[in-house]
Amino acid sequence: MNKREFVAGLGSAAAWPVVARAQQAAVPVIGYLGVQSADDDYKNVTVPFLQGLKDTGYVQGQNVAIEYRWAENQYDRLPALAADLVRRRVAVILASGTPATLAAKAATMTIPIVFNTGADPVALGLVASLNRPGGNLTGSSNLAGELSPKRLQLLHELIPSAAAFGVLVDRGFPPTPATIAELQAAAYLVCSSLL
């Protein structure tokens, strides 16, 4: 073996790891955008999310990576956190909660966003309709706003003599006008039944 063959062989050997890495499939990266802290969100959202991934064959650290971003209940941080996930070119964003979903939607029109929210996603303008969401957003909602009048009715049934009920809201993310209107209509019905 002459010197030229040796150097060529050494160069080829040095390139093997690069070629091997290039031939490996890239691991998809999921961006997780949470309103709360990791501790607050972990048990109720993160554990079921990771279990769902596992049930479909995806295991964090093996064949999928997850970039977590937590707002620590500081909603003003969400736009920057969402923008960071977009800059990292994640394959999909999981937005946990309405404020996180709104921030993710504002950050990208191309990266798919899967959300869970308590509000009506159509009323918020997240999706065009529930059966055909369109765009890059899809997800689930427990329609908490639509259930608010029912909750008021149940409170009235539990305490029939009560003439007033208070509603506590998060000033950082107040209820939608539709939710307020539904609560006012339900309150009117409850109050008129007291007459």
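Taking all protein chains as shown and a probe of 1.4 angstrom, residue 58 keeps an accessible surface of around 100 Å².
At full extension, residue 165 and residue 55 could sit 35.2 nm farther apart than now, given 0.36 nm per residue minus the alpha carbon distance.
Largest first, what is the accessible-area ranking of 49, 115, 165 with a 1.4 Å probe?
Greatest to least solvent exposure: 165, 49, 115.
Distance from the Cα centroid of the range 38-58 to that of the range 173-190 is 33 Å (rounded to whole angstrom).
Relative contact order for the range 49-195 using alpha-carbon pairs under 8 Å, separation at least 6, rounded to a whole percent? Let's see the in-between values first.
Values: 156 pairs, mean separation 22.3, N = 147.
Answer for the range 49-195 is 15 percent.
For the set 150, 105, 54, 43, solvent exposure ranked by accessible area (probe 1.4 Å, protein chains only) runs largest to smallest as 43, 54, 150, 105.
Which net charge results when you count Lys and Arg as +1 and Asp and Glu as -1 among the other residues whose beta-carbon is under 15 Å from that of residue 123?
Values: positive: 105; negative: 120, 146, 182.
Residues close to residue 123 contribute a combined charge of -2.
Accessible surface ranking for 170, 76, 1.4 angstrom probe, highest first: 76, 170.
The values are calculated or read from the model by the stated rules, or taken from the named source; none is laboratory data. The shown structure was predicted, so the numbers you read here are calculated from the model rather than taken from an experiment. Note: ideal-geometry Cβ built from the backbone for every residue, glycine included; neighbour counts use all protein chains shown. Keep in mind that these areas ignore ligands, DNA and RNA; they rest on the heavy atoms of the full protein, side chains included. Shrake-Rupley method; radii C 1.70, N 1.55, O 1.52, S 1.80 Å.
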